[in-house]
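Report on one structure; see the data block that follows.
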Amino acid sequence: MKVVAFNGSAIKDGNTAMLIRRVLQVLEAEGIEVVSGKTMRANILPKTKIEIIVEDKDVKDVTGIIIKTAGTIGDGKIFASTIDEVIRIRTGEKDSDAI
């Protein structure tokens with residue numbers, strides 16, 4: 001396994017950098033190859049994370065629609081995973097009723 005660390009903080013040697021260095025030290029001690037310390041400049045598009053929860057029967061339809069409407073660089077990835085339980089806090093509704 002190889003781990004590549006990126007520090008996106010505007011502060012070069014701030015808390016984020018210290019945390020990354022410490023994590024990489026621990027990983028190296030465990031024998032995991034790490035790559036860091038390189039200065040890179042990239043034109044990264046702004047990102048938005050969207051989370052959608054649908055019933056099992058709708059997963060293929062929803063992911064199909066997303067794929068059909070996407071298609072340019074930076075459109076992202078779809079991660080599909082199971083949700084064991086959904087509870088609407090305000091009403092106490094559960095599972096399908098809470099979606």
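The residue that is farthest from D97 (Cα to Cα), among those in segment 54-79 that are hydrophobic (A, V, I, L, M, F, W, C) and surrounded by fewer than 10 Cβ atoms within 10 Å (Cβ to Cβ), is I73. Among the residues of segment 63-99, those that are farther than 27 Å from F6 by Cα and either assigned to a strand (DSSP E or B) or under 19 Å from the mean Cα position of the chain (by Cα) (or both) comprise T63, I66, I67, T82, I83, I87, K94.
Among the residues making up segment 82-99, those that are closer than 23 Å to K60 by Cα and among the charged types (D, E, K, R) are D84, E85, K94, D95, D97.
Limited to segment 1-28, what total is found for residues that are surrounded by 14 or more Cβ atoms within 10 Å (Cβ to Cβ), hydrophobic (A, V, I, L, M, F, W, C) and without any contact (Cβ under 8 Å) to a residue 12 or more places away in the chain?
Filtering segment 1-28 for residues surrounded by 14 or more Cβ atoms within 10 Å (Cβ to Cβ) gives 5, 7, 16-17, 20-21, 23-24, 27.
Filter once more, keeping what is hydrophobic (A, V, I, L, M, F, W, C): 5, 17, 20, 23-24, 27.
Filter once more, keeping what is without any contact (Cβ under 8 Å) to a residue 12 or more places away in the chain: 17.
Final tally of qualifying residues: 1.
For segment 18-53, a residue qualifies if it is at pLDDT below 85 and over 26 Å from G8 (Cβ atoms), and exactly one does: G31.
The values are calculated or read from the model by the stated rules, or taken from the named source; none is laboratory data. Remember, it's a predicted structure, so these values are computed and weren't measured experimentally. Neighbour counts are summed over all protein chains in view; Cβ atoms, including those assigned to glycine, are modelled from backbone coordinates with ideal geometry.
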